Amino acid sequence: MECALDWVSKGNIGDYMSRHRYDDNISELKTYFNSVVNWVSGVFIDVESEMRGLEWGRLYEQYHKQAYDPAKISAQVHKLYSDPYVKNRKGIFEYILGSLVDTKLLEVRVFDDATKKSVYATQTSTAKAKGESNCPLCALGHDANKGKIWNFEEMYVDHVAAWSKGGVTSVSNCQMLCKTHNRAKGNR
Ligand SMILES: [Zn+2]
């Protein structure tokens with residue numbers, strides 16, 4: 001029971017308890033907890049320490065009607081656990097349940113300042129030599145910004161291939177873009 005409470009956890013318990021405070025037995029509560037625990041252990045073969053204290057009650061309500069392949073889920077868990085760019089491992093489970101869409105849950109690591117400055121320097125000196133803008137997308141355009149050299153502070157870092165599509169957070173996948181083009185590209 002203690003374990004079930006921990007698994008269902010956060011907020012849901014209070015709600016549930018107040019809705020059922022006049023029940024004369026706890027069998028319904030037990031059944032509910034068992035459903036949650038059974039669902040979680042059915043979907044996730046692996047038991048990771050980060051699974052403790054997640055809002056399993058909410059996740060159960062939100063996702064238990066979807067079908068998941070536990071073997072496939074397990075492979076996804078392992079892949080994300082071994083990805084050094086995933087900062088928030090607690091977010092892995094909801095990310096997977098939501099069909100790998102909400103990358104914000106993972107708090108993917110961003111490029112550090114040293115990387116940004118080094119990429120900026122290389123991009124800028126190459127651009128100057130060619131007489132083009134140091135924003136590679138401005139350089140492709142046909143307006144006044146075609147030859148514009150942006151300051152470091154005016155540029156934003158970008159994953160050339162978005163992390164969510166397999167792009168890594170390394171120098172080879174880093175480029176600096178002007179504000180407008182960084183916004184236009186969107187998907188980080
Ligand atoms: Zn640009």
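Structure data summary
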{"read-out": "Some residue of segment 80-94 being touching a residue at least 24 places away in the same chain (Cβ under 8 Å) and surrounded by fewer than 13 Cβ atoms within 10 Å (Cβ to Cβ)", "value": "yes"}
{"read-out": "Qualifying positions in segment 95-113 - over 11 Å from the mean Cα position of the chain (by Cα), farther than 19 Å from residue 181 by Cα and buried (at least 16 other Cβ atoms within 10 Å of the Cβ)", "value": "97"}
{"read-out": "Restricting segment 170-184 to residues that are polar (S, T, N, Q) and surrounded by fewer than 18 Cβ atoms within 10 Å (Cβ to Cβ), the residue that is nearest to the ligand (Cβ to nearest atom)", "value": "180"}
{"read-out": "Residue check for residue 72: in contact (Cβ under 8 Å) with a residue 40 or more places away in the chain, under 27 Å from residue 162 (Cα atoms) and of a type in the set (Lys, Arg)", "value": "no"}
{"read-out": "Unmet requirement for residue 11, which otherwise passes all of (1) farther than 19 Å from residue 166 by Cβ; (2) at pLDDT 85 or above", "value": "(2)"}
{"read-out": "Failed item in (1) surrounded by fewer than 11 Cβ atoms within 10 Å (Cβ to Cβ); (2) closer than 29 Å to residue 171 by Cβ, with residue 66 passing the rest", "value": "(2)"}
{"read-out": "Test result for residue 143, away from the ligand (no atom under 16 Å from the Cβ), among the acidic types (Asp, Glu) and loosely packed, with under 12 Cβ neighbours inside 10 Å", "value": "no"}
{"read-out": "The lone exception for residue 85 - which of (1) modelled with pLDDT of 85 or more; (2) in the same structural domain as residue 55 (by TED's automatic domain parsing) it fails", "value": "(1)"}
{"read-out": "Residue satisfying condition, being more than 15 Å from the ligand (Cβ to nearest atom) and crowded, with 17+ Cβ neighbours inside 10 Å, within set 128, 116", "value": "116"}
{"read-out": "Within segment 75-188, helices (runs of 4 or more DSSP H) holding 3 or more residues that are over 23 Å from residue 52 (Cβ atoms)", "value": "113-130, 136-140, 179-185"}
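The values are calculated or read from the model by the stated rules, or taken from the named source; none is laboratory data. Predicted model only: the values in this text are computed from it and were never measured. Using ideal geometry, Cβ is built from the backbone for each residue, glycine included, and neighbour counts are taken over all protein chains shown.
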